[in-house]
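K.L.:
Shown below is the structure under consideration.
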Amino acid sequence: MLVAGSGAAAEPPLAIPALQPADPALPIDLDAAFSELDRRNNRLIFRQLNIRQGGLAIKADEAVADPADFEDSRWVFTGNVSIINGATRASGDRAELTFRDNRLREAVLTGSPARFSQAATAEGRPTEGRGGVVAYDLEGATLEIAEDAWLSDGRSEISGSRIAYDLRREVVPAGGGTGGAVRMRITPEEKSVAPQ
């Protein structure tokens with residue numbers, strides 16, 4: 001069910017990408033052109049960074065890890081940030097990734113705009129979204145897009161100041177903010193007419 005700020009509903013649901021947490025038993029490969037370890041503060045700084053763990057790949061011009069591990073840490077990536085997670089791709093100017101127990105738990109991308117896309121579904125349409133902020137909570141199973149938010153599954157689209165998606169309940173609340181409106185475009189599927 002697609003739900004907008006007024007409570008109006010329309011079918012079919014907007015297809016939303018599902019991030020897959022990397023298997024914490026898989027090794028983490030990290031390559032960088034430059035690294036600096038601040039042992040006193042247990043902090044790492046990288047330049048021209050590439051990280052890979054299973055289907056998760058992250059690239060950025062610079063990254064700071066605090067503390068210097070993936071067990072329970074916050075990583076801040078800046079400059080040409082690119083994240084690939086299975087069939088989902090995201091990009092932005094900055095990303096904050098939170099790891100707990102060697103698993104990615106939350107990703108917050110910002111940009112002008114931050115973008116994400118997921119490969120085409122069985123119906124052959126990709127899902128795309130953009131906004132000033134794109135936040136994905138893997139534990140809470142929510143996706144939130146804010147600041148000129150836009151989301152499309154190739155057939156239907158929704159835009160507003162804020163779009164949230166509850167992956168468990170499959171509900172999309174959207175807000176237009178002050179002076180703005182939630183806009184939706186739902187394109188009906190063409191139905192074949194049986195010959196008479």
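The values are calculated or read from the model by the stated rules, or taken from the named source; none is laboratory data. None of these values were measured; they are calculated from a predicted model. Methodologically, a virtual Cβ is constructed for each residue, glycine included, from the backbone with ideal geometry; neighbour enumeration extends over all protein chains shown. Side chains are part of the model used for accessible areas, which takes the heavy atoms of the whole protein and leaves out ligands, DNA and RNA. Shrake-Rupley method; radii C 1.70, N 1.55, O 1.52, S 1.80 Å.
K.L.:
Can you name every residue in segment 120-157 that is in a strand (DSSP E or B) and among the aliphatic types (A, V, I, L, M)?
P.N.:
Val133, Val134, Ala135, Leu143, Ile145, Ala146, Ala149, Leu151
K.L.:
Let me ask you something else. Have a look at Asp93, Asp148 and point out the one that is more than 29 Å from Gln48 (Cα to Cα), of a type outside the set (Gly, Ala, Ser) and open to solvent by 50 Å² or more (accessible area, probe 1.4 Å).
P.N.:
Step by step, each of Asp93, Asp148 is checked, and only Asp148 is more than 29 Å from Gln48 (Cα to Cα), of a type outside the set (Gly, Ala, Ser) and open to solvent by 50 Å² or more (accessible area, probe 1.4 Å).
K.L.:
For segment 73-87, give me the residue count where each residue is closer than 14 Å to Ala107 by Cα and out of contact with any Ser or Thr (no Cβ under 7 Å at 6 or more places or on another chain).
P.N.:
Number satisfying all stated conditions: 8.
K.L.:
If you go through segment 27-47 one residue at a time, how many are of a type in the set (Gly, Ala, Ser), more than 14 Å from Phe77 (Cα to Cα) and surrounded by 15 or more Cβ atoms within 10 Å (Cβ to Cβ)?
P.N.:
Of the residues in segment 27-47, 0 are of a type in the set (Gly, Ala, Ser), more than 14 Å from Phe77 (Cα to Cα) and surrounded by 15 or more Cβ atoms within 10 Å (Cβ to Cβ).
K.L.:
Output the number of residues of segment 1-51 satisfying the condition of being at pLDDT 85 or above and within 27 Å of Arg125 (Cα to Cα).
P.N.:
Matching residues across segment 1-51 total 0.
K.L.:
Within segment 151-177, work out how many residues are open to solvent by 20 Å² or more (accessible area, probe 1.4 Å) and at pLDDT 85 or above.
P.N.:
So the count comes out to 4.
K.L.:
Given the criteria in a loop (DSSP other than H, G, I, E, B) and over 17 Å from Asn85 (Cα atoms), does Gly160 qualify?
P.N.:
Details: in a loop (DSSP other than H, G, I, E, B): no; over 17 Å from Asn85 (Cα atoms): yes.
Considered against the rule, which asks whether it is in a loop (DSSP other than H, G, I, E, B) and over 17 Å from Asn85 (Cα atoms), Gly160 comes out as no.
K.L.:
When you check Leu109 against the structure, is it open to solvent by less than 40 Å² (accessible area, probe 1.4 Å), hydrophobic (A, V, I, L, M, F, W, C) and touching a Leu at 6+ places or on another chain (Cβ under 8 Å), yes or no?
P.N.:
Answer is no for this residue.
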